[in-house]
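Report on one structure; see the data block that follows.
The values are calculated or read from the model by the stated rules, or taken from the named source; none is laboratory data. What you see is a predicted model; the values in this text were computed from it and never measured. With ideal geometry, Cβ positions are generated from the backbone for all residues, glycine too; neighbour counts draw on all protein chains shown. For the accessible areas, the whole protein counts, side chains as well, though only heavy atoms, and no ligand, DNA or RNA atoms are used. Shrake-Rupley method; radii C 1.70, N 1.55, O 1.52, S 1.80 Å.
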Amino acid sequence: MPKRERTINRVIASLMLALLAAPAGAQLPGGDMPRLVVGITVDQLRTDYLQMMQRLFGERGFRRLMNSGLMYDQVTFDFPCPDRASATASIYTGTTPSYNGIPSNTLYSVDRRRVESVLFDVSQKGLTGEAAFSPRNLLTSTLSDELKIASNGFSAVYSVAPTAEQAILSAGHAADGALWFNEATGKWVTSAYYNDLPPCAAPANGKGDVTHRIDTMSWRPLLPLSRYTGLPYQTQNFLFRHVFSKYRHLKYSLFKRSALMNEEVTRVACLVLENGRLGTRSVPDLLNVGYSVCSFQEQPVQEYSLEMQDTYVRLDREIALLLDAVDRKVGLDNTVIFLTSTGCFSGRGKEPAQFNVPAGEFYPKRATALLNMYLMAIYGQGDWVEGYHNREIFLNRKLIEDRQILLSEIQNRAAEFVIQMTGVQDVVTSHLLLHGQWNNRIDAVRRGYHRKLSGDLLLEIQPGWEIVYEDVENTRDYVRDNAVPAPLFFFGKNIKPQHVARPVKATEVAPTVSRLLRIRSPNGSKEPALPELF
């Protein structure tokens, strides 16, 4: 064969190999497509706190996002009482709990008559604890899933977070790995659903991890006391020092709730970024990172204002370290980063009695016992009330069916009885949600309700009251209905600096990132992409 023909054949063979190497149906990155997307969710991050503490930040963390990125002041969640799980699911699925199946961190299992994690998967037989977690209850696709589908599985998708809810619900069904911190062992773990820790994250549990350092670690403020003036109504005028080793079996749990946890998240996220070779493929990769700025031990901010400010200062430093690592590895010009909040805040405390703010206590166990006695007086002996969870009452559907009672009838009778209890503002039945007349308030409740997972009666408790769980020592849920100002940032490739004050929906995040990646939106997402990016 002539030399010229051999050369031509080699070129053709090379082109064919290149085409075969590219995943079928995937679109290769164009001039304006990112090689890497980094999705960051920060549990309980507040816009007002960011703004009040700006002067405490460096130049390469939040200030870089504020000054060089697209910032929205207010992300809204179109359903009542978002929490870590329901918010993360809404951000990544582009839809609300009524479709994605994740109404809260925990659920009441009617079959097992107990409260359990929304991630618990009974099909993972023989496994206990977090190993039995999975995205099984997540009923729609996520941004992560759609990228995997578009690239025919060639895109690398990983999630790293302090909690299983942030890790699994951002990873979705098809990710290469989801990692979170186990507060019982101090190790990074995953679910049996994802098989095992991915090789790129194996060093996370090696020499130098938290288990090797916890007994010598303590949480102290990074800055002098005089610098912490971001929250003006603080009552704490002394420096703090939290030591973990003295708590023995609870030391990892306390560590997980401290500001130092975010440093561990960055460490492991950078390991995955480096060892997983993210941003080096012919298709975009996705790294989901979860952080937290929860109030320490979920106590009132007035009591732990220094800890809260130090948490924000330390998170600012971790954001800077993560951005710098991405810049070194992939280049920020080749990356799109979005950062948002779970839109909730748990550092709420009951107002002291001396200020005479109307308040009271609602006891679910007593309320359900009284309701059961009332229903027995009408319908005869039986356990008519299955249980209570998360301001929802579950009726015994099997007993109702066996006695041939119309479900709407018994729900209405129960609602009329419960609404007379002190501290109950309103009661909505599941029948009304599914078949009743619509208004804006009922519509919002409906978006946070899932017909197969939620209760028969949804209670609205009077603001200022506390829900007291008698069977769980010192567990109280303080009712305060203020909207939590939650930020949303986009930063990186082809994104121009802009500050937008109008409210945007959390469900608009996934379709926006999908458009940047040129993939389909998650299958339950109905929102358009945010126009400011295009």
When (1) farther than 30 Å from residue 52 by Cα; (2) among the β-branched types (Val, Ile, Thr); (3) not in a loop (DSSP other than H, G, I, E, B) are applied to residue 283, the one that fails is (3)
Look at residue 431 and say whether it is closer than 24 Å to residue 410 by Cα, under 22 Å from the mean Cα position of the chain (by Cα) and of a type outside the set (S, T, N, Q).
no
Could you please give the count of residues in the range 84-98 that are crowded, with 24+ Cβ neighbours inside 10 Å, in a helix (DSSP H, G or I) and not hydrophobic (A, V, I, L, M, F, W, C)?
7
Among the listed residues 487, 503, which satisfies the condition of being open to solvent by 80 Å² or more (accessible area, probe 1.4 Å) and not polar (S, T, N, Q)?
503
Residue match in the range 292-299 (condition: open to solvent by 10 Å² or more (accessible area, probe 1.4 Å), of a type in the set (Ser, Thr, Tyr) and over 17 Å from the mean Cα position of the chain (by Cα))
no
(1) modelled with pLDDT of 95 or more; (2) within 28 Å of residue 51 (Cα to Cα); (3) part of a loop (DSSP other than H, G, I, E, B); (4) not polar (S, T, N, Q) all hold for residue 240 apart from (1)
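Given the options 420, 354, 404, name the one that is over 30 Å from residue 32 (Cβ atoms), open to solvent by 80 Å² or more (accessible area, probe 1.4 Å), free of Cβ contacts under 8 Å to residues at least 12 places away in the same chain and part of a helix (DSSP H, G or I).
From the options 420, 354, 404, the qualifying one is 354.
On the basis of being crowded, with 24+ Cβ neighbours inside 10 Å and assigned to a loop (DSSP other than H, G, I, E, B), does residue 184 make the cut?
no
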Among the residues of the range 100-119, count how many are surrounded by 21 or more Cβ atoms within 10 Å (Cβ to Cβ) and among the hydroxyl-bearing types (Ser, Thr, Tyr).
2
Within the range 427-453, restricting to residues that are touching a Phe, Trp or Tyr at 6+ places or on another chain (Cβ under 9 Å) and of a type in the set (Ser, Thr, Tyr), the one that is modelled with the lowest pLDDT is 449
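Those residues that are part of a helix (DSSP H, G or I) and either touching a strand residue (DSSP E or B) at 6+ places or on another chain (Cβ under 9 Å) or open to solvent by less than 10 Å² (accessible area, probe 1.4 Å) (or both), I need them from the range 147-164; list them, please.
Start the filter on the range 147-164 by keeping residues that are part of a helix (DSSP H, G or I), which leaves 147-150, 164.
Selection gives 147, 148, 164.
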Of all strands (runs of 3 or more DSSP E) fully inside the range 458-524, the set with 1 or more residues that are on the phi > 0 side of the Ramachandran plot and in contact with a helix residue (DSSP H, G or I) (Cβ under 7 Å, 6 or more places away or on another chain) is 488-492
Any residue at all in the range 158-175 that's more than 21 Å from residue 85 (Cβ to Cβ) and under 22 Å from the mean Cα position of the chain (by Cα)?
no
Those residues of the range 454-474 which are of a type in the set (D, E, K, R) and either open to solvent by less than 40 Å² (accessible area, probe 1.4 Å) or at pLDDT 85 or above (or both), in sequence order:
456, 460, 466
Unmet requirement for residue 412, which otherwise passes all of (1) in a strand (DSSP E or B); (2) open to solvent by 30 Å² or more (accessible area, probe 1.4 Å):
(1)
With the condition kept exactly as written, say whether any residue in the range 228-237 is β-branched (Val, Ile, Thr), crowded, with 20+ Cβ neighbours inside 10 Å and closer than 25 Å to residue 320 by Cα.
no
Does any residue of the range 124-141 turn out to be at pLDDT 95 or above, part of a helix (DSSP H, G or I) and under 30 Å from residue 500 (Cα atoms)?
no
Quick one: would you say residue 184 is modelled with pLDDT of 95 or more and of a type in the set (Gly, Ala, Ser)?
no
Could you give every pair whose Cβ atoms fall below 6 Å, whose first residue belongs to the range 59-83 and is in contact (Cβ under 8 Å) with a residue 60 or more places away in the chain and part of a loop (DSSP other than H, G, I, E, B), and whose second residue is open to solvent by 30 Å² or more (accessible area, probe 1.4 Å) and basic (Lys, Arg), counting only separations of at least 6 or pairs across chains?
78/447; 79/447
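Count, please, the residues in the range 99-122 that happen to be under 24 Å from residue 445 (Cβ atoms), part of a strand (DSSP E or B) and of a type outside the set (D, E, K, R). Spell out how you get there, then give the answer.
As a first pass, look at the range 99-122 and keep what is under 24 Å from residue 445 (Cβ atoms): 99-110, 115-119.
With the extra rule that they be part of a strand (DSSP E or B), the set shrinks to 106-109, 115-117.
The next check asks that each one be of a type outside the set (D, E, K, R); those that pass are 106-109, 115, 117.
Residues meeting the conditions: 6.
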Single residue of the range 120-138 satisfying the filter (free of Cβ contacts under 8 Å to residues at least 60 places away in the same chain and within 25 Å of residue 525 (Cβ to Cβ)) that is surrounded by the fewest Cβ atoms within 10 Å (Cβ to Cβ):
136
Tally up the residues in the range 371-401 that are part of a helix (DSSP H, G or I), open to solvent by 30 Å² or more (accessible area, probe 1.4 Å) and in contact (Cβ under 8 Å) with a residue 40 or more places away in the chain, please.
2
Failed item, numbered, when residue 353 is tested on (1) at pLDDT 95 or above; (2) over 30 Å from residue 270 (Cα atoms); (3) among the hydrophobic types (A, V, I, L, M, F, W, C)
(1)
Give me the pairs, please: first residue somewhere in the range 313-334 and open to solvent by 30 Å² or more (accessible area, probe 1.4 Å), second residue anywhere and at pLDDT 95 or above and among the β-branched types (Val, Ile, Thr), beta-carbon distance under 7 Å, and either six or more positions apart or on two chains.
321/266
Residue 167 vs. criteria open to solvent by less than 40 Å² (accessible area, probe 1.4 Å), small (Gly, Ala, Ser) and part of a helix (DSSP H, G or I):
yes
State yes or no: is residue 247 among the hydroxyl-bearing types (Ser, Thr, Tyr), more than 25 Å from the chain's Cα centre (by Cα) and in a helix (DSSP H, G or I)?
yes
